[in-house]
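This report concerns only the one structure given below.
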Amino acid sequence: MTVIGLTTYFEPAQMLVWQREFAMLHATYVTATERAGGVAVLLPPQAAGADEALDRVDGLVLAGGADVDPLRYGEAPAERTSRPRVLRDEWEIALTRAALDRDIPLLAICRGLQILNVALGGSLHQHLPEVTGHEGHQPAPGVFGEVDVNIVPGTRTAELTGPRVRVSCHHHQALARVAPGLEVTGRAGDGTVEAVEVPGRAFAVGVQWHPEEDSEDARLFAALVAAGRRYRNRLR
């Protein structure tokens, strides 16, 4: 079986009789991985061990979550930017760089796309409505916005989604300066970057939307699992 590592939140939460910090993730990520034929393992934030974790997986999902610390791309935090998650940022940037160095298949989702961009030298719009003039990408807390994304023909993303796709978004930040080494492959009608690829890698795709929320469309997760299977076979 193809093993897919999923990054997680590390947040204060209440569960059953316990109120403390939890390493956790929406179950939809696990279900989407399983539906695509993979086995999910969680990779919670920790101080070291990114290479050792990647030794044991065939693919990596950078999951959604809180805002990336703006200090990592040389800006002061804006008023609407959430408090920094230092450990998670450091862990996921280390995983991202190591996965790209080793050509481990990578699917970056929402915050994960932003981590990918920042890890490679890009920056973010800290509050997208100030750029677009609307809140369609995050209508309300816990409410997904439906966004139509135009995909660049001839890209890996286009092979998987077709030329236009309606997606579920929940983000108030987005890519500003696109990192060197990233190719933009999809934009919303308002110009927001919604998909990227890393050219020259077997599979390194980032999307600003949440494919794990669509139980009817497993194409991105299926492509990740298939790429993970090929990666493992190359190592044998």
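The values are calculated or read from the model by the stated rules, or taken from the named source; none is laboratory data. None of these values were measured; they are calculated from a predicted model. For neighbour counting, all protein chains shown are included, and Cβ atoms are generated from backbone atoms with ideal geometry for every residue, glycine included. Heads up: the accessible areas ignore ligands, DNA and RNA and are worked out on the full protein's heavy atoms, side chains in. Shrake-Rupley method; radii C 1.70, N 1.55, O 1.52, S 1.80 Å.
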- Query: For labels at residue 187 and residue 42 in the simple 7 Å Cα→Cβ model, what's the distance in nm?
  - Reply: 3.9
- Message: Could you work out the relative contact order of segment 123-236? I mean the mean sequence separation of Cα pairs under 8 Å and 6+ apart, divided by the number of residues, in percent.
- Response: 23
- In nanometres, the difference between 0.36 nm per residue of separation and the alpha-carbon distance of residue 131 and residue 24 is 35.3 nm
- the chain - percent relative contact order, Cα under 8 Å, separation 6 or more: 21
- Query: What does a probe at residue 97 reach in segment 1-33, counting residues whose amide N is under 20 Å from the point 7 Å along Cα→Cβ?
  - Reply: 7-8
- Task: With label points built 7 Å along Cα→Cβ from the Cα atoms of residue 78 and residue 152, find their separation and express it in nm.
- Result: 2.4
- Find, among the GluC sites (Glu not before Pro) in segment 31-97, those assigned to loop by DSSP (not H, G, I, E, B) with at most 11 other beta-carbon atoms within 10 angstrom. 79
- Task: Report, in deg cm²/dmol and to the nearest 500, the calculated mean residue ellipticity at 222 nm for the chain, where each DSSP H run with n ≥ 4 adds -39500 (n - 2.57) and the sum is divided by the residue count.
- Result: -8000 deg cm²/dmol
- Message: Under a crude label model (7 Å from the Cα following the beta-carbon direction), how far is residue 86 from residue 234 in nanometres?
- Response: 3.6
- Item | Rounded accessible area of residue 160 (nearest 10 Å², 1.4 Å probe) | 30
- Task: Using θ = phi - 60° and the Karplus relation 6.51 cos²θ - 1.76 cosθ + 1.60, list the HN-Hα couplings for segment 23-37 in order, rounded to whole Hz, with x at every Gly or Pro.
- Result: 8, 8, 7, 4, 5, 4, 5, 5, 4, 5, 5, 5, 4, 7, x
- Item | Rounded accessible area of residue 125 (nearest 10 Å², 1.4 Å probe) | 60
- Starting from the amide H of residue 2, placed 1.01 Å from N in the peptide plane, find each other amide H under 5 Å away whose residue is 5 or more places distant or on another chain. 39
